[in-house]
Structures are given as C-alpha cells and as structure tokens.
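A short worksheet on the structure shown next.
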Amino acid sequence: VQLQASGGGLVQAGDSLRLSCAVSGRTFSSYAIGWFRQAPGKEREFVATIRSIGSTYYADSVKGRFAISRDNAKNTVYLQMNSLKPEDTAVYYCAADDRVSLSRYNNPAAYDYWGQGTLVTVSS
C-alpha cells in the first residue's frame, strides 16, 4: 500500500485548504485512513480518522473546523480544513491500516502505512 499526500500550502489565518491522500491498492475500501500532523519540535499528533465503514473521529483541536471524507471510487481521502489557525501549521501525514481498533484510531502506532507528508503553513 502506498499513500501520496498533497494539497498543502501557505495560507492566512481563517482561510481553507483541502488535503488529499491518494492510496494505491485494490482493498482501499477496507482501510481506515488517518491524518496526523507534526509541528517543528513537537510529536506527531492525531488529527482525524475515517474508518472503512465511514465513521469519523476528530481531535478536539480541529472538531468543527476540519472534515474528513473518502471517495472509494477514487481511492482518495480528503481533509477539508476551514478556519485555519497559525497553530495548525505542521507537516500533515496520511496513514492507512486495515486493523485499526476503536481504542487506537488516534495512535500513530496503529497504522502500518504512511505517506510522505505535505506542509501546511498558516500565517497570522
């Protein structure tokens, strides 16, 4: 399984961006896809996950501003980010696994496959 994240860029506070994660593999629909981010000097943190059945989970810091969705026909997961804040600045990574449990969806160690990351910079 290979993942390709894209869509990052430089925006101003309050703007929106949509990240995409293209996933190779014939069993895309069976995978949970998560977005994580890592700011300079900080640990990688959970942002959002969408499970194979479509249920979604968000970090409290992005709830109400970000929305994760998937298009199984295109093998792609999207992260719509609205009302961006400077503290959202980070490299955003998408990750996949077909065995993510409800108790570990926000744990990077639960995902075996990772994309290369895309940089999001939000200026104030």
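Note on the chain: with charges restricted to the Cβ of Lys and Arg (+1) and Asp and Glu (-1), its dipole about the Cα centre is near 200 debye. For region 45-124, the relative contact order is 28 percent, taking Cα pairs closer than 8 Å that sit 6 or more residues apart in sequence and dividing their mean separation by the residue count.
Note on residue 87: accessible area is roughly 120 Å² with a 1.4 Å probe, heavy atoms of protein only. The Cα center of region 1-48 and the Cα center of region 77-115 differ in position by 6 Å.
Assigning unit charges at the beta carbon (Lys, Arg +1; Asp, Glu -1) and nothing else, what dipole magnitude in debye, to the nearest 20, does region 65-124 show about its Cα centre?
Result for region 65-124 is approximately 120 debye, rounded to the nearest 20.
Here's the picture: charge each Lys and Arg Cβ at +1 and each Asp and Glu Cβ at -1 in the chain, and of 68, 13, 118 the one pushed furthest to the positive end of that dipole is 68. Maximal additional length on extending the residue 22-residue 43 stretch stands at 5.1 nm, based on 0.36 nm per residue less the C-alpha distance. Ordered by solvent-accessible area of protein heavy atoms (1.4 Å probe), largest first, the residues 65, 104 come out as 104, 65. Only protein heavy atoms count here; on that basis, with a 1.4 Å probe, residue 112 has an accessible area of about 90 Å². Here the Kirkwood formula, the inverse mean of 1/r across different C-alpha pairs, assigns region 47-116 a hydrodynamic radius of 13.0 Å. Computed from the Cβ-Cβ distance with R0 of 22 Å, the FRET efficiency linking residue 99 to residue 74 stands at 0.40. Along the axis of the charge dipole computed for the chain (Cβ charges of +1 for Lys and Arg, -1 for Asp and Glu, origin at the Cα centre), the listed residues 22, 55, 79 are led at the positive end by 55.
The alpha-carbon positions of the chain define a convex hull whose volume is 91 Å³ per residue. Backbone N atoms of region 88-110 closer than 17 Å to the 7 Å Cα→Cβ label point of residue 59 belong to residues 88-96, 104-110. Of all DSSP-defined beta bridges confined to the chain, some 90% are antiparallel rather than parallel.
The values are calculated or read from the model by the stated rules, or taken from the named source; none is laboratory data. Everything quoted here is computed from the prediction, not taken from an experiment. As a convention, Cβ positions derive from the backbone with ideal geometry for all residues, glycine included, and neighbour counts pool all protein chains shown. Heads up: the accessible areas ignore ligands, DNA and RNA and are worked out on the full protein's heavy atoms, side chains in. Shrake-Rupley method; radii C 1.70, N 1.55, O 1.52, S 1.80 Å.
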